[in-house]
1. Select from segment 49-67 the residues that are under 13 Å from residue 207 (Cα atoms), within 20 Å of the chain's Cα centre (by Cα) and of a type outside the set (Phe, Trp, Tyr) and write down the one among them that is modelled with the highest pLDDT.
2. (1) in a loop (DSSP other than H, G, I, E, B); (2) surrounded by fewer than 16 Cβ atoms within 10 Å (Cβ to Cβ); (3) modelled with pLDDT of 90 or more: which one isn't true of residue 156, the others all being true?
3. As an exercise: evaluate residue 316 against (1) over 17 Å from residue 200 (Cα atoms); (2) open to solvent by 50 Å² or more (accessible area, probe 1.4 Å); (3) not β-branched (Val, Ile, Thr) and give the number of the one condition it does not meet.
4. Is there any pair with a first residue in segment 324-336 that is over 9 Å from residue 266 (Cβ atoms) and at pLDDT 95 or above and a second that is open to solvent by 10 Å² or more (accessible area, probe 1.4 Å) and of a type in the set (Asp, Glu) whose Cβ atoms are under 9 Å apart and which are 6 or more apart or on different chains, and what are they?
5. Assess whether residue 176 counts as being part of a loop (DSSP other than H, G, I, E, B) and of a type in the set (D, E, K, R).
6. Taking segment 80-98 as the region of interest, how many residues are open to solvent by less than 30 Å² (accessible area, probe 1.4 Å) and either over 19 Å from residue 122 (Cα atoms) or in a strand (DSSP E or B) (or both)?
7. Scan segment 216-229 for residues that are over 17 Å from residue 195 (Cα atoms) and open to solvent by less than 30 Å² (accessible area, probe 1.4 Å) and report the count.
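The values are calculated or read from the model by the stated rules, or taken from the named source; none is laboratory data. Source: prediction; values computed, not measured. With ideal geometry, Cβ positions are generated from the backbone for all residues, glycine too; neighbour counts draw on all protein chains shown. The area values use the complete protein model at the heavy-atom level, side chains included, leaving out ligands, DNA and RNA. Shrake-Rupley method; radii C 1.70, N 1.55, O 1.52, S 1.80 Å.
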Amino acid sequence: MTRKFLVLSLLFSVILLNFSGLSFAAGTEAEEGKEDPTGFIMHHIKDSHEWHFVTVGHTHITLALPVITYASDRGLEFYNSSDFQDPKTHKFSKEFAHNGIYIDDHDHLGRADGASILDFSITKNVVMLFLVIAFVLYISISSARHYQKNGAVAPKGVASFVEPIVIFVRDEIALKSIGPKYKKFVPYLLTLFFFIWTGNLLGLLPGAANLTGNIAVTFTLAIITFVIVNVNGNKNYWKHVFATPGVPAALLPIMVVVEFIGLFTKPFALMVRLFVAITAGHIVILSFIALVFIFESYSIGILSTIMVASINIIELLVATIQAYVFTLFSAMYIGGAVAEHEHDDHH
């Protein structure tokens, strides 16, 4: 099994180096005429109004995405991201504004007259979001239909892949972290695990979007966990927040402030942990790729390929571990909110 992972990771690294190298050499040059590794890295980890796959010579292979804007004086308008590009340089610029609306070099929408505008565009990360949702729905519905049709039999096909993960999340995460009331929260925890895991793995493919490395996505997931935890919190949970048992009266005001802040630091930690872990992995891989085209050396190229192959194996583990950690901590926070506590020992 380890040998297969090594071979696949090496092939993956070579493909990634080839694709990224063409893009780096052709499309990310600084103003002084030198190659810009920072721009190359940021281009691959940021969201965008187009999905750029590879640049071969002066040919850019991209998927133009819908640009949807709203302004109080113009209403809802629909464009294509290619409407805002210079066909020669393939760059966004105010000089190529469409009806007074432009996308700048940093992929920000604006208006030539400086008026405010709301961006509802289908960006690269949004498309990736749809793909992840579609995949999770497919494996979930396919597995459910298998059991509806065949009953409690040995799983086959997609169900054989999904069942062990469902059992693991149910028994090892939900049951152990939440307790007797775990069944109510298993669907959410399963959705959370499969969504993050799929997003992490797909994000490792060459040219893929950095979905789970987008802080807006991790923020949304953390907020959903925050709402579920606090909506389901029982009286003991809230008593620990606003009247912590066993704390001297003189220290109670301080503890209330600490516990109240803790309500928000928990989802904040969830948000930052996933965002940093995934984004850092992408930056490290892209940094080693950039070294090849900075030094233009075969020895550096071989060394970078080995390093990227090794890091890819680690990233496969990180993708799974981060999905597990986010789901586990969400379950632990839920368990703390719904658990019944005995305080006889405080008397």
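1. 50
2. Exception for residue 156: condition (3).
3. (1)
4. 328/172
5. On the way: part of a loop (DSSP other than H, G, I, E, B): no; of a type in the set (D, E, K, R): yes.
For residue 176, the condition - part of a loop (DSSP other than H, G, I, E, B) and of a type in the set (D, E, K, R) - is not met.
6. Of the residues in segment 80-98, the ones open to solvent by less than 30 Å² (accessible area, probe 1.4 Å) are 81, 84-86, 92.
Imposing the further condition that a residue be either over 19 Å from residue 122 (Cα atoms) or in a strand (DSSP E or B) (or both) reduces the set to 85-86, 92.
So the count comes out to 3.
7. Adding up the residues that qualify gives 1.
For every residue, the table says whether it meets (1) β-branched (Val, Ile, Thr); (2) open to solvent by 40 Å² or more (accessible area, probe 1.4 Å); (3) touching a helix residue (DSSP H, G or I) at 6+ places or on another chain (Cβ under 6 Å).
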residue	(1), (2), (3)
246	no, yes, yes
273	no, yes, no
276	yes, yes, no
287	no, yes, no
